[in-house]
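**Q** Let me give you the structure first, and then I'll get to my questions.
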Amino acid sequence: GDSVTQMEGPVTLSEEAFLTINCTYTATGYPSLFWYVQYPGEGLQLLLKATKADDKGSNKGFEATYRKETTSFHLEKGSVQVSDSAVYFCALSRVTGGGNKLTFGTGTQLKVEL
Amino acid sequence: DSGVTQTPKHLITATGQRVTLRCSPRSGDLSVYWYQQSLDQGLQFLIQYYNGEERAKGNILERFSAQQFPDLHSELNLSSLELGDSALYFCASSPLLAGGGDTQYFGPGTRLTVL
């Protein structure tokens, strides 16, 4: 079945450091790929998405490129801020049968310190 | 604010009891999804409804059931509760039935504690 593997956390960085969170997936066909972010005590918010190979999703300085050849969708940001501290989830969706669902990775906690 | 509302925010109950969680989707969204987030299982898809009909099912226990009403709000019913059902339950909504790139918008969640 479909699965998403994310790098283990927690990740602790200093402010203005470069961020990479690795994500790889297993799925048949052509899934869409997403990064969601969960701030403490809140629900999930869409950060960015890509719907086909070589697409780059970007938002708020975060970027991720859909790489079909390596089945990856790594999240990057050039300079993190304290306000980026949150849990980041990689996810895929694939149309199956009559419906749709998101399959999530385990989440990566990011802590940014001054 | 995603536009998806969930009530209640917190729920504390005892083993063996039954509870109902409620979700109102974003205006215009026809699909509603339920997810469970727990420490040991992570985020797991439970079930999807589209315009009142069940369309996809995940790892939902037989003790759990859901429905979507004509006004498109949805309810998740959890019965014969066990300690292991303690989790955060999220509702999400999207405009389409099965658009591959369709974004799902999440509510703030209901935290269920079973004592």
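**Q** How much of B:His73 can a 1.4 Å solvent probe reach, expressed as accessible area in Å² and rounded to 10?
**A** That residue has around 20 Å² of solvent-accessible surface.
**Q** Once amide H atoms are built 1.01 Å from N in the peptide plane, which residues 5 or more positions from B:Ser86, or in another chain, come under 5 Å H to H?
**A** Those lying under 5 Å, H to H, from B:Ser86 are B:Val114.
**Q** Round to the nearest 0.05 the FRET efficiency obtained for B:Asn51 and A:Lys52 when R0 = 22 Å and r is the Cβ-Cβ distance.
**A** 0.20
**Q** If you build a Gaussian network model of chain A, linking Cα atoms that sit under 10 Å apart, which residue out of A:Ser93, A:Ser58, A:Ser83 swings the most?
**A** Ranking A:Ser93, A:Ser58, A:Ser83 by mean-square fluctuation puts A:Ser83 first.
**Q** Could you work out, residue by residue across A:73-85, how many beta carbons of other chains sit within 10 Å of that residue's beta carbon, and then give the average as an integer?
**A** Taking all residues of A:73-85 together, the mean is 0.
**Q** In chain B, which longest range has no GluC sites (Glu not before Pro) that are both DSSP loop (not H, G, I, E or B) and surrounded by at most 15 other Cβ atoms within 10 Å?
**A** B:1-61
**Q** Beyond 27 Å between alpha-carbons counts as too far, so tell me which of A:Lys56/B:Lys57; A:Lys52/A:Lys101; A:Lys60/A:Lys111 fall in that bin.
**A** A:Lys56/B:Lys57
**Q** Determine the sum of side-chain charges near B:Arg18: Lys and Arg each +1, Asp and Glu each -1, restricted to other residues whose C-beta is under 13 angstrom from that of B:Arg18.
**A** Values: positive: B:Arg63; negative: B:Glu75, B:Glu82, B:Asp85.
In short, -2.
**Q** Any idea of the accessible area per residue across chain B, 1.4 Å probe, to the nearest Å²?
**A** 47
**Q** What whole-number distance in Å separates the alpha-carbon centres of the stretch B:19-93 and the stretch A:72-114?
**A** Each part's Cα centre sits 21 Å from the other's.
**Q** As a test question: what accessible area, to the nearest 10 Å², does A:Val4 have when a 1.4 Å probe is rolled over all protein chains in place?
**A** The accessible area comes out at roughly 20 Å².
**Q** Starting from the residue with the highest accessible area, list A:Tyr39, B:Tyr105 in decreasing order, probe 1.4 Å.
**A** The ranking, largest first, comes out as B:Tyr105, A:Tyr39.
**Q** Then there's this: Report the accessible surface area buried between chains B and A, summing both sides, using a 1.4 Å probe on protein heavy atoms only, in Å² rounded to the nearest 100.
**A** Buried: approximately 1600 Å² between A and B.
**Q** Here's something else I'd like to know. Starting from the residue with the highest accessible area, list B:Ser86, B:Ser31 in decreasing order, probe 1.4 Å.
**A** Largest accessible area first, the residues go B:Ser86, B:Ser31.
**Q** Send over a whole-number figure in Å² for the accessible area per residue of the stretch A:35-102, probe 1.4 Å.
**A** Per-residue accessible area for the stretch A:35-102 comes out at 43 Å².
**Q** Moving on to the next point. Apply the Karplus curve 6.51 cos²θ - 1.76 cosθ + 1.60, θ = phi - 60°, to the phi angles in the stretch B:14-31 and return the couplings in whole Hz, x for Gly and Pro.
**A** 10, 4, x, 7, 10, 9, 10, 9, 10, 9, 10, x, 4, 4, x, 7, 9, 9
**Q** So how far apart, in nm, are the two label points at A:Glu63 and B:Leu39 if each is 7 Å from Cα heading toward Cβ?
**A** It is 3.8 nm.
**Q** Determine the dipole magnitude for the stretch A:39-114: charges of +1 sit on the beta-carbon of Lys and Arg, -1 on that of Asp and Glu, nothing else is charged, the reference point is the Cα centre, and the result goes in debye to the nearest 20.
**A** 280
**Q** Over all distinct alpha-carbon pairs, what is the Kirkwood Rh of chain B in angstrom?
**A** Radius from the Kirkwood sum: 14.0 Å.
**Q** Now for a different question. What percent of all Cα-Cα pairs in chain A falls in each 5 Å bin, counting up from 0?
**A** Bins of 5 Å from zero give 2, 12, 24, 25, 18, 11, 5, 2, 1, 0 percent of pairs.
The values are calculated or read from the model by the stated rules, or taken from the named source; none is laboratory data. In this text the structure is predicted, and so the values were computed from the model without any measurement. As a convention, Cβ positions derive from the backbone with ideal geometry for all residues, glycine included, and neighbour counts pool all protein chains shown. The area values use the complete protein model at the heavy-atom level, side chains included, leaving out ligands, DNA and RNA. Shrake-Rupley method; radii C 1.70, N 1.55, O 1.52, S 1.80 Å.
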